[in-house]
Structure formats: structure tokens, C-alpha cells
Amino acid sequence: MGAAAEALKDFKGFSMKNLPREEPLSPGHRACQGCAEILSLRLALKAIGKNVIVASATGCMEIVTTPYPQTAWRVPWIHVAFENAAAVISGVEAAYKAMTRKGKMEKKDVVFVAYGGDGGTADIGLQALSGALERGHNFVYLCLDNEAYMNTGIQRSSATPYGAMTTTSPPGKKSIGQATWKKNVPAIAAAHDIPYVATASPAYPIDLMNKAKKASLVPGPAYVHIFCACPTGWRHDSSIAIEVARMAVATNVFPLYEVIDGQWKLSRKNPKPKPVKEYLKLQRRFRHLTDAEIAKIQQRVNKEWKTLLARCGELEELEKFGEIEQNL
Amino acid sequence: MEDAVRSGKPVLLQGNEAMVEGALAAGCRFFAGYPITPATEISEAMSVKLPAVGGTFIQMEDEIASLGAVIGASLAGAKAMTATSGPGFSLMQENIGFACVAEVPCVIVNVMRGGPSTGLPTRPSQGDVMQARWGTHGEHPVIVLSVSTTWECFDVTVKAFNLSEKYRTPVIILSDEVVAHTREKVQLPHPQEIEVIDRIKPNMPPEWYIPYEDNARGVPPMGVFGDGYRYHVTGLIHDVRGFPTERPDEIQAFLNRLHRKIYQNYFDIVFIEEEFTEDAELLVISYGSVARSAKRAVREARKRGVKAGMVKLITLWPFPRQFLEPYLRKVRAVLVPEMNFGQVAREVKRINQGMTRVEKLNRIDGQLITPSEILTRLLKM
């Protein structure tokens, strides 16, 4: 049994009956209506608990939770630059370890959390993240992925999906919108051979909370990639954010899985996947896509799903999916 | 909007948009950027307009990469630019030094916001004047221009490209949040009326080409990657052939030339604007958005019988010493209003050498200095 599996063997998981009451991230912040990012962050911290120190990269969550002179944080929280949340939390963790070792500070099993958006994680913060994962600090990194730079007004990032409209990937005669495929950051994190990597979605809140908690329980670095629907940036109604997030899972656009001690494990099987068109048509950022482009996206999603099934050792699922793939 | 430059009609433009028009008019065909308030509109407009003229827009993963891509594009022969604000400008510093030493023409726009660090993303500031001069390490020459109106955003961007091509050097444009987001009516000139300068390319046979050989201008002709002229590009101090050297005589000669190419062309690089300066007894020296308040204040002061005049600095570095010294000799006092603790005022004091009295008027609270603040101060002086 690996170190992570060992640490998790007594973890029973949350259910609707035993949800923690504490709210390290309090209500009264200034997030947009229907923001799934703040919801995900709230759920993750609820699961991790209040014995926590949080480092925040620059981004939406930093802005909306701390408008002067108020703060929505009930736990120690530090806002750092755009690129170095993982580096700063490394310092906090290392200092805490040294201080407790020397007996200058009481050991309280503090959880160290760093979070950033997709830009602060997949683009400018990737170097700091990779460094922290490699050094093996005992911390949790939450990537709150809303698939573009929403804080500066919807510019593309490397986590923006193919075909999406943003202000710096405008669709038109010569452009399809975002021209590259989404960067697979969870796989990059997993390639560091860290004890725990997971993807989560606010459409499955208990699953999200379980994963956040597991990330905090394992010794060493843990990475959780959370898919955060953004009504403002994705151009959909603010009442359907959760529906969009659920559809992303149902269409295999954003599959949920865990990598524990290097073992890939599917969190949700998807025997009857929906066509990606149903996910795309909910959002106006994709409305310029032609059927040919949608078919291309479907193909890519199928390919990635099959790769994932193979990695997770779901050979039976893989075979079944091969039979229905053509119908999508 | 699409044909703003060509139509010849007055158009309503934001400072950031005017910069894009200026860059395109100057022949900019490559832009690499990264989103940052308040410079994002430059990236956004470039992402639409550059592909339409056959250019390339790339959004990079951070500002270090942005300037890296710009340097690469320029070496490949394109006129290239990037735009950012305070935190991004800090990240670019290492590459600015590289562009200085490798003599790569490029234009870097810094739309100044309140600092340090994340600072005041949506508020203006002029806190980066000294960083623009000395931000990258080591003794290096640099050209820094500033803008105060939408028209200047256009005009100065064209000038910036011309200077950078002419002298093979990075040129920094300092804008600020107010200039960047103010919408004004401007009439852009016909493309044929715009003076566009391109870098000098080598015309000797490729085997005769010595890439960093000194000449009267101090600016060697620049080969483009792939056109047969071999040359070595490095951030190390190099000899005339571009290869790293540690010979004192070569190091000295190289750094002398690097500085000489800027300072011997001082009068071609330095731009200022004067108003009511002939008989001025009080002089306001200002730049950027504060220059607009200063202009109004000086006009009001004149109406009240105070002999005030103003000099607006467009070129900040090299510092317009030779233009300012004659005024310092004859005026009773000088006022330098700026949105920092006195970065240009300190420079004015340095060149003043006791000739006249230099006063500062500073605001660092994220608010613009108003005309009435300057006027009140002028009336007291």
C-alpha cells in the first residue's frame, strides 16, 4: 500500500448527513451571480476545515473575497502575486515544519492550501507549481479552472478549450476562436509522481468535498483540478452553472478521476455519454461552431476518454465505449 | 473602426486603441502579450486587427514569455511589440536587458498603474519612470517615451517603432491608466503621411558581414534570420562577430558603442512640447496624464496674470537635460507635478544645480492631479 492509500484507509467520506458546519470562506463576498468557482472553493475549504493556511494567487477569488475593508476569510489567508501561490505556500509549510521541529510552535496538523485560477496554474504559475510538487511540500493545490482569464475580462488561457470565444481568441473569418486544445494540467501534476491528484466538479459536491479532504489527508503534495463554470465568461445564464458543469461530466468533456499513489481511478463511469453538442450549445462562447468543428471536438473528447479509461484499467468500459462511440 | 487610419475622418478612440492603430501604421506585424489591467485592450484589439493585415498575435503564458517572443519575432525580421502594466513590466526586465545587449529592436508599452506589486490595478500612477530607466541590471542605454493624449498614443507609438528600428534598441512607452482608458476624438493621418523607418539591412555580400562592427552611426546593419547573413545572438558581452568575449578592450568598445548610439543621436530622440515658455517666470514640467492638468492650470494662471509656462516631456530617457537647462537658468521657480514621490522632480533637481527653485507636487493615492491643485500651487509660488 502506498503512502497516500495508507493515509486514506480510514477516511469514510462525507455524506449529506455529516457535512461539516464550519465555513472557512464566509458568505457576503462579491462573486458574480451563479459563480461556480466561489462555490467550489467554499466546498473545498468546508471539507478541509478551519485548521488551514491559504495562499491565493491573483484572480477573481482574490478580488471578490477581499474588497477593502472587508474579507470573506475566517482563516489565515495571504494574497500573493499572480505566479507564485505554490512557491509562497512552500515557504509557509517549510517554516512551519522547522518551527514545530524546534519546538518553537505547537504542532496542530495545519493544512496548507494554495489556489489559483487556470491562468495562475496552467500558464504563469506552472513553474512555481511544478517546483513545489517536485520538492514534496505537504500542501494542497486547488486549481479553480474557469477556462480563461475572467478577472481581466475573458482572455484565453492555455486551459481554454478548443473553439471557445474569448476577447483574445475572437472567432471570425480567419479564426475559429481558441485554436489549441486544453492543456491537461492534472496529467502534468500526476507526472510529478505526487501522492494525490484528482479532478472534481461542483456539480458533484460530495465528490468534490471528499477529494479536497483526501488531498489534505495525504502526506506530501496533492493537486485537485476543479471545473468551475463561469456564467460571465462562458456566456450562459447564471441559473444553469451547475447544469453546465454536470453536462461537462456527462459528455466526457471533463471526466472525474483520482490518481492515488500513481494509480489512476475513475470516479464516475459513464455508460451512456451524451454528445458534446449538448454541452456546447448551453454556452454562447461556442455558438459560432459549425457541425464539422463540433464533430472534431467530439472526436478529441472520445480519444481523451479512451486514453483515460485505459489509464484507469477500465478495459470493460473501454470495450463498451468502442461500440457506442460511433453514435456520438 | 476597421479603417480608422485610412478613412481620414475623425474617430473616437481610447488611448489603448490608438496605440494599436499607431503600431499597425508603423508596420508592427507581431504582438505577443498577456492579459493585465489596464493594458488588456491593446492585446484584445491586436488579436482582431493583426490577423486582418497578415500579422501574428500570440497570447503567451506570462510576460517573460511575451517579451521573449517579441525578441524572437524581431530577430526573424518582424516589427514587434508587447504591452503590459506594472507587475508584468517587472517580469520583463531581464529580457529588456537582453534586447539592449543583443540590440534587438522592439517596443514595450507599460500602462502604469499604482504599485508596488499588484498595487492598484484600476488606478493611474507614474511610479515606473525610474524602473523604465534602471529596471534591468547593468549599465545600459534606453529610450523611454511618455504619452498624455489619445493622439500621442498614436503618434508616439509610431515614433517608438521608428526609434527602435533606427537605433536597434528596445523602446519603452509609458502610458498610464487615465490616458489608456480616456476616449477622445482624433483624426488619424493618411498612411502615406506617416513617416515609417525600417531597420537597415546589410547590403554587402554575406561573407563580408561583420554583425556588430562599429560605424559612424554606432548602429550596425541587422541581418534577418534565414537571409544568409550569419550572426551570433547572445546576452553575453560579445565581440564584433557576436561571440562572447572577456577581453577588456572589446568589452569597453562594445559598451561604449551601445551608449554612444543613443547619446550621439540625442536631438533625434528627445521630444518635448512647450507652451507659454518664452516669457515664463514659473515653469511647470510634467508628462503623461498630469501634463493635461498642467496645461489647463497654466492657461488659467495666465488668465490671472501669472506668467506661467509649461514643458511637457515626451521623451523621459535620455533625460531632456539640454532642453530644460536654458529654462532653469531664467525662470523664478519650477514645479514638477507627478503621480509618484518625485521621480522626475529628482532628475530636474539633479540637473538644476542650484540655478532655480524646484518644487514638487505629488499624489500617490491613485487619483489624478487636478488642474486646480496645480493652479493653487502656482498662485502661491
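Within the set of pairs 6+ apart or on separate chains, which have a first residue in segment A:158-182 that is free of Cβ contacts under 8 Å to residues at least 12 places away in the same chain and more than 7 Å from chain B (Cβ to nearest Cβ), a second that is in a loop (DSSP other than H, G, I, E, B) and open to solvent by 50 Å² or more (accessible area, probe 1.4 Å), and C-beta atoms under 9 Å apart?
A:172/A:288
Any residue in segment B:343-364 that is in a strand (DSSP E or B) and over 17 Å from residue B:287 (Cα atoms)? It would help to see each step written out before you state the result.
Pass one, segment B:343-364, residues in a strand (DSSP E or B): B:357-362.
When the remaining residues are screened for being over 17 Å from residue B:287 (Cα atoms), the result is B:357.
Yes - at least one qualifying residue is present in segment B:343-364.
Out of curiosity, is residue B:86 of a type in the set (Gly, Ala, Ser), crowded, with 24+ Cβ neighbours inside 10 Å, within 12 Å of another protein chain (Cβ to nearest Cβ) and under 18 Å from residue A:151 (Cβ atoms)? Lay out the reasoning, then the answer.
Details: of a type in the set (Gly, Ala, Ser): yes; crowded, with 24+ Cβ neighbours inside 10 Å: yes; within 12 Å of another protein chain (Cβ to nearest Cβ): yes; under 18 Å from residue A:151 (Cβ atoms): yes.
Criteria met by residue B:86.
Residue B:139 versus (1) modelled with pLDDT of 95 or more; (2) part of a loop (DSSP other than H, G, I, E, B): which is the lone unmet condition?
Of the numbered conditions (1) modelled with pLDDT of 95 or more; (2) part of a loop (DSSP other than H, G, I, E, B), the odd one out for residue B:139 is (1).
Taking segment B:9-66 as the search range and keeping residues that are in a loop (DSSP other than H, G, I, E, B), charged (D, E, K, R) and at the interface with chain A (Cβ under 9 Å from one of its Cβ atoms), which one is nearest to residue A:156 (Cα to Cα)? Before the answer, list the steps.
Residues of segment B:9-66 that are in a loop (DSSP other than H, G, I, E, B), as a first pass: B:9, B:26-27, B:34-39, B:53-55, B:60-62.
So of that shortlist, the ones also charged (D, E, K, R) come out as B:9, B:61-62.
Narrowing further to those that are at the interface with chain A (Cβ under 9 Å from one of its Cβ atoms): B:61-62.
Values: B:61: 10, B:62: 12 Å.
Among them, the one singled out is B:61.
Could you please find all residues in segment B:326-342 being charged (D, E, K, R) and part of a strand (DSSP E or B)? Don't jump to the end; show me each part of the working.
Residues of segment B:326-342 charged (D, E, K, R): B:329-330, B:332, B:338.
Within segment B:326-342, just B:338 meets the criteria.
Restricted to segment A:145-191, and to residues that are out of contact with any Ser or Thr (no Cβ under 9 Å at 6 or more places or on another chain) and among the charged types (D, E, K, R), which residue is surrounded by the fewest Cβ atoms within 10 Å (Cβ to Cβ)?
Among those residues, the one meeting the criterion is A:173.
Within segment A:201-223, track down each residue that is under 19 Å from residue A:5 (Cβ atoms) and of a type in the set (A, V, I, L, M).
Filtering segment A:201-223 for residues under 19 Å from residue A:5 (Cβ atoms) gives A:207, A:210-223.
Hits for segment A:201-223 are A:212, A:215, A:217, A:218, A:222.
Is it true that some residue in segment A:97-114 is away from every other protein chain (no Cβ under 14 Å), under 30 Å from residue A:237 (Cα atoms) and open to solvent by less than 70 Å² (accessible area, probe 1.4 Å)? Break it down into steps so the answer makes sense when it comes.
From segment A:97-114, those away from every other protein chain (no Cβ under 14 Å) are A:97-114; that's our starting set.
From the residues that got through so far, the ones that are under 30 Å from residue A:237 (Cα atoms) too are A:114.
Those still in the list that are open to solvent by less than 70 Å² (accessible area, probe 1.4 Å) too: A:114.
Scanning segment A:97-114 turns up at least one residue that is away from every other protein chain (no Cβ under 14 Å), under 30 Å from residue A:237 (Cα atoms) and open to solvent by less than 70 Å² (accessible area, probe 1.4 Å).
Which members of segment A:297-313 meet the condition of being in a loop (DSSP other than H, G, I, E, B) and open to solvent by 40 Å² or more (accessible area, probe 1.4 Å)?
The initial filter retains those residues of segment A:297-313 that are in a loop (DSSP other than H, G, I, E, B), namely A:312-313.
Scanning segment A:297-313 gives a single hit, A:313.
I need the full set of residues from segment B:90-116 which are within 17 Å of the chain's Cα centre (by Cα), part of a helix (DSSP H, G or I) and more than 30 Å from residue B:201 (Cα to Cα), in order please.
B:90
Can you tell which of A:21, A:30, A:42 is basic (Lys, Arg), more than 28 Å from residue A:127 (Cβ to Cβ), open to solvent by 40 Å² or more (accessible area, probe 1.4 Å) and modelled with pLDDT of 95 or more?
Working: A:21 fails: modelled with pLDDT of 95 or more; A:30 fails: modelled with pLDDT of 95 or more.
One residue alone meets the criteria, A:42.
Just checking, how many residues over segment B:190-218 are touching a residue at least 60 places away in the same chain (Cβ under 8 Å) and either outside any loop (DSSP other than H, G, I, E, B) or of a type outside the set (D, E, K, R) (or both)?
Filtering segment B:190-218 for residues touching a residue at least 60 places away in the same chain (Cβ under 8 Å) gives B:190-191, B:194, B:196, B:198-199, B:212.
Applying the additional criterion that residues be either outside any loop (DSSP other than H, G, I, E, B) or of a type outside the set (D, E, K, R) (or both) yields B:190-191, B:194, B:196, B:212.
Adding up the residues that qualify gives 5.
For the structure I just gave you, tell me whether residue B:242 is open to solvent by 60 Å² or more (accessible area, probe 1.4 Å) and on the phi > 0 side of the Ramachandran plot. Reasoning before the result, please.
Values: open to solvent by 60 Å² or more (accessible area, probe 1.4 Å): no; on the phi > 0 side of the Ramachandran plot: yes.
In short, no.
Just the residues that are within 16 Å of residue A:51 (Cα to Cα) and outside any loop (DSSP other than H, G, I, E, B), please, taken from segment A:210-240.
A:212, A:213, A:214, A:215, A:216, A:217
Run down A:293, A:325, A:258, A:316 and say which single residue is loosely packed, with under 13 Cβ neighbours inside 10 Å and of a type in the set (Asp, Glu).
Details: A:293 fails: loosely packed, with under 13 Cβ neighbours inside 10 Å; A:325 fails: loosely packed, with under 13 Cβ neighbours inside 10 Å; A:258 fails: loosely packed, with under 13 Cβ neighbours inside 10 Å.
The conditions single out A:316.
Give just the number: which of (1) within 13 Å of another protein chain (Cβ to nearest Cβ); (2) open to solvent by 10 Å² or more (accessible area, probe 1.4 Å); (3) in contact with a Lys or Arg (Cβ under 9 Å, 6 or more places away or on another chain) does residue A:128 not satisfy?
(3)
For segment A:74-96, name all the residues that are among the β-branched types (Val, Ile, Thr), open to solvent by 30 Å² or more (accessible area, probe 1.4 Å) and away from chain B (no Cβ under 14 Å).
Initial filter on segment A:74-96 (among the β-branched types (Val, Ile, Thr)): A:75, A:78, A:80, A:88-89, A:92.
Remaining after also requiring open to solvent by 30 Å² or more (accessible area, probe 1.4 Å): A:78, A:88, A:92.
Listed by number, the list holds a single entry, A:92.
Open to solvent by less than 50 Å² (accessible area, probe 1.4 Å) and either over 28 Å from residue B:94 (Cβ atoms) or over 18 Å from the mean Cα position of the chain (by Cα) (or both) - does that describe any residue in segment B:165-177? Write out each step before concluding.
Here is the first cut: in segment B:165-177, the residues open to solvent by less than 50 Å² (accessible area, probe 1.4 Å) are B:165, B:167-177.
Filter once more, keeping what is either over 28 Å from residue B:94 (Cβ atoms) or over 18 Å from the mean Cα position of the chain (by Cα) (or both): none.
Within segment B:165-177, not a single residue is open to solvent by less than 50 Å² (accessible area, probe 1.4 Å) and either over 28 Å from residue B:94 (Cβ atoms) or over 18 Å from the mean Cα position of the chain (by Cα) (or both).
The values are calculated or read from the model by the stated rules, or taken from the named source; none is laboratory data. Remember, predicted model here, so these are calculated numbers, not experimental data. Methodologically, a virtual Cβ is constructed for each residue, glycine included, from the backbone with ideal geometry; neighbour enumeration extends over all protein chains shown. SASA here: full protein model, heavy atoms, side chains in, ligands and nucleic acids out. Shrake-Rupley method; radii C 1.70, N 1.55, O 1.52, S 1.80 Å.
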